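Each remark here refers to the structure printed beneath this line.
The values are calculated or read from the model by the stated rules, or taken from the named source; none is laboratory data. None of these values were measured; they are calculated from a predicted model. Please note: Cβ atoms are built from the backbone with ideal geometry, for glycine as well, and neighbour counts cover all protein chains shown.
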Amino acid sequence: MKVTIDGIEIDVPKGTTILQAARMIGPKVAPPAMCYYTNLKTSGGYCRTCIVKVTKGSTANPTPMPKPVASCRTEVMEGMEVQVYTNPEIVEARKGVVEFLLINHPLDCPVCDQAGECKLQDLGYENGSAKTRFEFKRREYEMIDIGDKIKLHMTRCILCYRCVKVADQITNTRLHGVVHRGDASEISTYIAQVINNDFSGNVIDVCPVGALTDKTFRFKQRVWFSKPVDAHRKCDKCCGKTRVWLKGEEVVRVTARKDEWDEVHEFICNSCRYDHKKKSDWVIEGPSHIARASVISQNHYEHLNELKVEAMKHQKALGFMDIDKRP
Amino acid sequence: MGKKLLIHNDKVPNIHTLEVYRAHGGYASVEKALKTMTPDQIIDEVKKSGLRGRGGAGFPTGLKWSFLAKPPGVERYLVCNADESEPGTFKDRYLMEVIPHALIEGMITSSYALGAKTSYIYIRGEYFYVARILEAAIKEAYAAGWLGKNILGTDFSHDCYVQVGGGAYICGEETGLLESLEGKRGNPRIKPPFPAVAGLWGCPTVVNNVETIAAVVPIVNEGGEAYAKIGIGKSTGTKLISASGHINKPGTYEIELGIPVEEFIYSDEYCGGIRNGKKMKAVVAGGSSVPILPTELILKTAKGEPRLMTYESLADGGFQTGTMLGSGGFIVMDEDTSIVKNLFTFTRFYHHESCGQCSPCREGTGWMEKILKKFMNGTANESDVELLWDIQSKIEGKTICPLGEAAAWPVAAAIRHFKHEFLEIARNKKFVDVSHYNRLNKVTA
């Protein structure tokens, strides 16, 4: 099926959503997504940051769709034309959505443990405005412990429902859901029950903000001071392929591997996540791929050799000394 | 006197019992449908009648029915939306309370047309006493053989259940209703798929308003063409209007679509004019979510033609100078009413009822309420009017279900037509409400 997104045409298989098609083209046209998660069924459609304008429905029925649609839940049609960043109305509407997400979010990034790997930070930076127009008291909640390993801070939650879907779909028992209504909604474990299964830790990885954090890692280390490496071990519960975050020789935390859209494809078990905090537990494969735009990529020498070659070209062209052949 | 088709027997004593209802021609449509008509013939009659959904959106019912997917071996359901929660609307309650059998008769006839073996009446929690009336009526209908196995000796069997909801406005949205009926949290679903393809428990489902289903009875009895003769253009038949506010005779009225708005407000047959000899200021024509209109625009369109009680005439001029017929919650306000305070009440309602699924509605409705509270306290600035306008424009059309629009439209219309009231409060830094209600009760905002 041929679909045109922001003027770029791409051929995609049937059943692809607009968001997936845009991601195939690349980050330049891919709309941001806070609640959609490829691996979780029925996720998406809630945050509305991925809204796009469909200017041509399909070749068969070229009428444009009257309202902006959530690209993560709308499948492409043959000959569809979509505007993501080229439609000023949509850009403005997305800015509005970002503002809505931020009005009740505490802007305490300097003391938030998610800072540096927070999707809302990126979203606000890329699509939001610098000033808030909200002048009222923000919503606040008490912090809750979900078991001895996970901390839930509802004040930061943007109600993306990802953790609810994880609890629903990758584990057998459902103890996790949303209570109350409207802007009083709360993620909660029913009657303060503990999430007590082998895969509960994955709710931390899917949380786009600092609402669900790892208690074994909280405030130990700023993420950008640690060095993520891909590693694996033999595990009988999960795939055993993880990302190990190092501080010198010390393992500060273990997470699942995320792709370029910050999505986990192979969820890991709690044993890998919490119980193997020694470097000798792991077979290290090499540095993880971190996007250049991310703050975590500082001190991170994944592309060191490529960079050196690139730098050398320019230096040689300018007649500078070769840094590797210094006397 | 206009023709009445739905509540013409409402003053008959004991019309809620099967015996009296039957004596006044009740259940004739079931007899006629089951014995002489095929399901497709009934759908054709409904199409001919031009009946439009009475819940608010006004979608042609016959068309909706013909969209119902009919895969072999899969159950189909008819669900009656009796979750009437729109502020200002109480027509369905009146119908169900007074003539419960009219709804049940419509449910049986419609289910036969759609091939549904089971149907549900989803009723809001606050109407628990109406649910009891309906349940008593269903019991009577079972005993008399109108419900159950092999109705009237034919091979059509049907079961009808009443389900009481928890009292959430959002469960009046059809997919939210279905989620709630399935026993889940009443969050609206993302469409497509539409309920006609995958509705209740994933089966094809038709969701119709109480009044729509009750209107099927006269259509089957008298034929679709006779029904279509009432009304003007695409607005055919009769409509129940719940009139409230500062009028002499508030209540539920059945009107023929097409009577002038002026006649509806001022004639003694209907609202009977404005209370206490005051002047009219504004009208919300179809339940709290539709745009409010000032007197000069509700009586006459922008072109100067008299406005009629039809879907088209009320919508004339778009949202700039028009409104919607909506669910028929007709709220009249006199000259002493503060539009800002009224808007605050509406917005507070939508904030309270937002389900919290998608961000613009969840956060935006609360924000609008907070700003309007500033107007109530007299601490608002002139720039807050612009901000309010901007927020509503960013909610409208960006949400999963129409609650976002329902919350945004009243704000937009109030600012569009009554901006001077907002600016007055902002400039004087003082909110003065002279309404009769306010003299009795202190402002609690």
Condition check for B:PHE319: at pLDDT below 90, outside the structural domain of B:PHE422 (by TED's automatic domain parsing) and not small (Gly, Ala, Ser)
yes
Given (1) in the same structural domain as A:THR49 (by TED's automatic domain parsing); (2) surrounded by 14 or more Cβ atoms within 10 Å (Cβ to Cβ); (3) in contact (Cβ under 8 Å) with a residue 60 or more places away in the chain, where does A:CYS72 come up short, assuming only one miss?
(3)
Only one of (1) surrounded by fewer than 20 Cβ atoms within 10 Å (Cβ to Cβ); (2) under 27 Å from A:ASN196 (Cα atoms); (3) within 17 Å of the chain's Cα centre (by Cα) fails for A:VAL254. Which number is that?
(1)
Hey, A:MET143 hits all of (1) more than 10 Å from chain B (Cβ to nearest Cβ); (2) surrounded by 17 or more Cβ atoms within 10 Å (Cβ to Cβ); (3) among the hydrophobic types (A, V, I, L, M, F, W, C); (4) in contact with a strand residue (DSSP E or B) (Cβ under 8 Å, 6 or more places away or on another chain) but one; which does it fall short on?
(2)
Before we move on, is B:ILE331 surrounded by 24 or more Cβ atoms within 10 Å (Cβ to Cβ) and more than 14 Å from every other protein chain (Cβ to nearest Cβ)?
yes
Only unsatisfied item for A:SER58, checking (1) in contact (Cβ under 8 Å) with a residue 60 or more places away in the chain; (2) farther than 19 Å from A:CYS207 by Cα; (3) in a loop (DSSP other than H, G, I, E, B), is (1)
Would the stretch A:8-16 turn up any residue that is closer than 30 Å to A:ARG139 by Cβ and free of Cβ contacts under 8 Å to residues at least 24 places away in the same chain?
no
From the residues in the stretch B:373-401 that are in contact (Cβ under 8 Å) with a residue 60 or more places away in the chain and touching a Pro at 6+ places or on another chain (Cβ under 6 Å), which one is farthest from the other protein chains (Cβ to nearest Cβ)?
B:CYS401
Any residue at all in the stretch A:151-163 that is of a type in the set (Ser, Thr, Tyr), within 14 Å of another protein chain (Cβ to nearest Cβ), touching a Ser or Thr at 6+ places or on another chain (Cβ under 8 Å) and not in a loop (DSSP other than H, G, I, E, B)?
no
Yes/no for A:THR4 being away from chain B (no Cβ under 14 Å), in contact (Cβ under 8 Å) with a residue 24 or more places away in the chain, under 25 Å from A:TYR125 (Cβ atoms) and over 23 Å from the mean Cα position of the chain (by Cα)
no
Top-ranked residue in the stretch B:292-310 [being among the hydrophobic types (A, V, I, L, M, F, W, C) and surrounded by fewer than 22 Cβ atoms within 10 Å (Cβ to Cβ); ranked as nearest to B:ALA228 (Cα to Cα)]:
B:LEU299
If A:GLY45 meets every condition in (1) buried (at least 17 other Cβ atoms within 10 Å of the Cβ); (2) touching a strand residue (DSSP E or B) at 6+ places or on another chain (Cβ under 9 Å); (3) modelled with pLDDT of 90 or more apart from one, which number is that one?
(3)
With the requirement that a residue be out of contact with any Cys (no Cβ under 9 Å at 6 or more places or on another chain), on the phi < 0 side of the Ramachandran plot and assigned to a loop (DSSP other than H, G, I, E, B), what does the stretch A:66-92 give you?
A:PRO66, A:LYS67, A:PRO68, A:THR74, A:VAL76, A:MET77, A:GLU78, A:TYR85, A:THR86, A:ASN87
Return yes when A:VAL52 is under 23 Å from B:ILE400 (Cα atoms) and either among the aromatic types (Phe, Trp, Tyr) or in a helix (DSSP H, G or I) (or both) and no when it is not.
no
Does B:MET333 satisfy the criteria of being modelled with pLDDT of 90 or more and outside any helix (DSSP H, G or I)?
yes
Failed condition for B:VAL74, given (1) farther than 19 Å from B:PHE156 by Cα; (2) more than 10 Å from the chain's Cα centre (by Cα):
(1)
Enumeration of residues in the stretch B:353-372 that are facing chain A (nearest Cβ under 9 Å) and assigned to a helix (DSSP H, G or I):
B:GLU353, B:SER359, B:PRO360, B:CYS361, B:ARG362, B:GLU363, B:GLY364, B:THR365, B:GLY366, B:TRP367, B:LYS370, B:ILE371
Please verify whether the stretch A:10-33 includes one or more residues that are more than 13 Å from chain B (Cβ to nearest Cβ), touching a Gly at 6+ places or on another chain (Cβ under 9 Å) and surrounded by fewer than 21 Cβ atoms within 10 Å (Cβ to Cβ).
no
Filter the stretch A:65-122 down to the residues that are closer than 21 Å to B:GLU405 by Cβ and either away from every other protein chain (no Cβ under 14 Å) or among the acidic types (Asp, Glu) (or both) and list them by number.
A:GLU89, A:GLU92, A:GLU99
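In the stretch B:334-352, how many residues are more than 19 Å from B:ASP384 (Cβ to Cβ) and surrounded by 22 or more Cβ atoms within 10 Å (Cβ to Cβ)?
1
Out of all the residues in the stretch B:58-69, which are hydrophobic (A, V, I, L, M, F, W, C), free of Cβ contacts under 8 Å to residues at least 40 places away in the same chain and either part of a loop (DSSP other than H, G, I, E, B) or buried (at least 19 other Cβ atoms within 10 Å of the Cβ) (or both)?
Scanning the stretch B:58-69 gives a single hit, B:PHE59.
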Could you list, in sequence order, the residues of the stretch B:1-50 that are farther than 17 Å from B:ILE213 by Cβ and part of a helix (DSSP H, G or I)?
B:LEU18, B:GLU19, B:VAL20, B:ARG22, B:ALA23, B:GLU31, B:LYS35, B:THR36, B:ASP40, B:GLN41, B:ASP44, B:LYS48
